[in-house]
Amino acid sequence: MKSALTVVLLLAATVTSVYCQDHWANWRGPLLSGVAPDADPPVSWSEKENIRWKVPVPGEGLATPIIWSNRIYLTAAVPYGKPFKALPDTAEGAHDNRGVTQHHEFVVLCLDRKTGKTLWDTTVIKTRPKEGGHFTGSLVSNSPVTDGEHIYAFFGSRGLYALDRDGTIVWQKDLGQMETRHAHGEGASPALFGDTLVVNWDHEGQSYLYAFDKKTGKQRWRVERDEMTSWSTPVVVEVDGKPQVIVAATKRVRGYDLATGKELWQCAGLSRNVVSTPIPADGVVYVSNSYDWRVIMAIKLAGASGDISKTDQVVWYIRKNTSYVPSPLLYDNSLYFLGHLSGVLSRADIKTGEVVEGPYRLEKINRTFASPLGAAKRIYIADQDGTVIVLQHGGPALKTLAINQLDERFSASPVAVGKELFLRGKSFLYCIAAEE
């Protein structure tokens, strides 16, 4: 019988090319599920307790940091120059658009994990963004990804960049100008598998899925997509020994052959404004949405071909209290998901889709954009008021272990590596670690 650790390692090898207990190399972590399998961060903290360091982050950005060994990588947009007249609001959804009144430097930063000291920062481009974005978002919401040798940062309309460990730009790509729905902004992160980098380019113009050679930046393929704006990050998973790219979007969830870009299957069922990232595990991918209607679907990947909508390939549905902006957390045999922009949490059995706990209204958790984190049989959920609740995972009922408050606002998702928890706020990056 395989040990639990062996099973975890095999699963990691199936869904991502990088796994180590000292890495959180991509959005949603080593298992693409929101779980840090070897981490054991603190349960409680405050501004005066268990703060190893707290450093200011320049500019703005809601992108979740990534970590490789002793280095932390994050992105930001830093305004410069004199303010000027804001861009006009769009006709529809105008109340959500903040306008852009300054030029910005788009920056990749590298910090020392032990001290929080900035080792380098590289400005990849200086420009005036052509869309203002949603007032709850940022100009930099795409998380970078790394293989330890290079850092790949996707700034959407501001370009795709590969940097080396010293912060030097190795190659770059200009993919054009996105026109997002209601000018709400951009947010999909790149996905890395082996030597292939995948980028989702869904917007109000012609949408595409791109694949690039990670070493040279050479485009391997580009396929057209009949889609509107989405903010969902692609995932890559092996099915019957062949890697395929899965992208969740409004009209269809689709699977593509990683080598060629050929569409393998498609499935309808999500509504508009797809933000949540698919979660692959044990031959099933879980996709979530909550806008025009609420839904989570569990899609069996083996045998998926052509249009699988409303077939037995869709194993189950959940149609209440599903996630909108936060991606669900898949921890062991449980799928945890937050209700639409709220502090309402539910837990479902991944085999049956039965909601076995909840919906529970979490104490002091109100408006959530950050995705939940799982570590050391605990669940960490951050809200925009600076509160992080810690819950017990695996018990007969959800038990609150701690409610922690910091002087910040959190939309980026918590990250755990080793015995440390990293929280990126609006103005500061925190390293939470037990006092020694």
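Out of curiosity, is Glu227 crowded, with 19+ Cβ neighbours inside 10 Å and acidic (Asp, Glu)?
Here the answer is yes, as Glu227 does meet what is asked.
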Does region 89-109 contain any residue that is assigned to a strand (DSSP E or B), within 24 Å of the chain's Cα centre (by Cα), loosely packed, with under 15 Cβ neighbours inside 10 Å and modelled with pLDDT of 95 or more? no
Considering only region 56-82, how many residues are of a type outside the set (Lys, Arg) and loosely packed, with under 15 Cβ neighbours inside 10 Å? 5
Looking at Ser323, Ser309, can you tell me which residue is part of a loop (DSSP other than H, G, I, E, B), of a type in the set (S, T, N, Q) and buried (at least 18 other Cβ atoms within 10 Å of the Cβ)? Ser323
Which ones in region 51-85 are under 23 Å from the mean Cα position of the chain (by Cα) and at positive phi? Gly59, Gly61, Ser69
Select from region 138-197 the residues that are acidic (Asp, Glu) and within 19 Å of Trp120 (Cβ to Cβ) and write down the one among them that is surrounded by the fewest Cβ atoms within 10 Å (Cβ to Cβ). Asp166
What is the residue count in region 230-253 for residues that are over 23 Å from the mean Cα position of the chain (by Cα) and either without any contact (Cβ under 8 Å) to a residue 60 or more places away in the chain or buried (at least 22 other Cβ atoms within 10 Å of the Cβ) (or both)? 2
Failed item, numbered, when Pro278 is tested on (1) closer than 25 Å to Thr180 by Cα; (2) surrounded by fewer than 17 Cβ atoms within 10 Å (Cβ to Cβ): (2)
Determine which single condition Leu338 fails, assuming it passes every other condition in (1) surrounded by 18 or more Cβ atoms within 10 Å (Cβ to Cβ); (2) hydrophobic (A, V, I, L, M, F, W, C); (3) modelled with pLDDT under 95. (3)
If we keep only residues of region 413-434 that are over 15 Å from Pro58 (Cα atoms) and part of a loop (DSSP other than H, G, I, E, B), then the residue modelled with the lowest pLDDT is Ala434
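The values are calculated or read from the model by the stated rules, or taken from the named source; none is laboratory data. Please read all numbers here as calculations on a predicted model, not as lab measurements. Here Cβ is always computed from backbone atoms with ideal geometry, including for glycine, and neighbour counts include all displayed protein chains.
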